[in-house]
């Protein structure tokens, strides 16, 4: 199973795993799952960090590399084909970072680990 970990789930998995649901934690611990964190999530973290809304204890580019290792995950780049999927998305969610995650999940046939129930409205599988 290919898992796309959304921004909040990535932060919680890295810093406060007890905030994850039991189901999300099980999937993230499953040795047979391929885990990904979108570059869009890292971009979102950088913006929040720069605005003082997300203290990270260091530069985002260094912190996320440290955080991703224990998850045995990899970064998912934003591809042109992911952006192409945005054209067909209904205007359900206003957050551009969540919208690109949905487009990536659709393009890559991924399950999204997220506490945001609105993402299900796009017809993707969301686990929480």
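Read-outs: derived from the displayed coordinates by stated rules, not from any lab. Quick caveat: nothing in here was measured; it's all calculated off a predicted structure. For neighbour counting, all protein chains shown are included, and Cβ atoms are generated from backbone atoms with ideal geometry for every residue, glycine included.
A few comments on the model shown:
- Relative contact order (%) - the chain, alpha-carbon pairs under 8 angstrom, separation at least six: 33 percent
- Separation in nanometres of the label points that stand 7 Å from Cα toward Cβ, at residue 53 and residue 34: 3.2 nm
- Working from label points 7 Å from Cα in the Cα-to-Cβ sense, the residue 109 to residue 125 distance is 1.1 nm.
- Within the listed set 112, 37, 63, the residue fluctuating most in the Gaussian network model of the chain (springs between alpha-carbon atoms under 10 angstrom) is 63.
- Cα shape, region 2-127, gyration tensor, a/c 1.5 rule: oblate
- Residue 80/residue 19 FRET efficiency (R0 41 Å; Cβ-Cβ; nearest 0.05): 0.75
- Most fluctuating residue given options 13, 50, 103, as computed from a GNM of the chain linking Cα atoms under 10 Å: 50
- The chain - mean residue ellipticity at 222 nm from DSSP helices (-39,500 (n - 2.57) per run, n ≥ 4, rounded to 500): -14000 deg cm²/dmol
- Take every pair of alpha-carbon atoms less than 8 Å apart whose residues are at least six positions apart; their mean separation over the length of region 71-128 yields a relative contact order of 30 percent.
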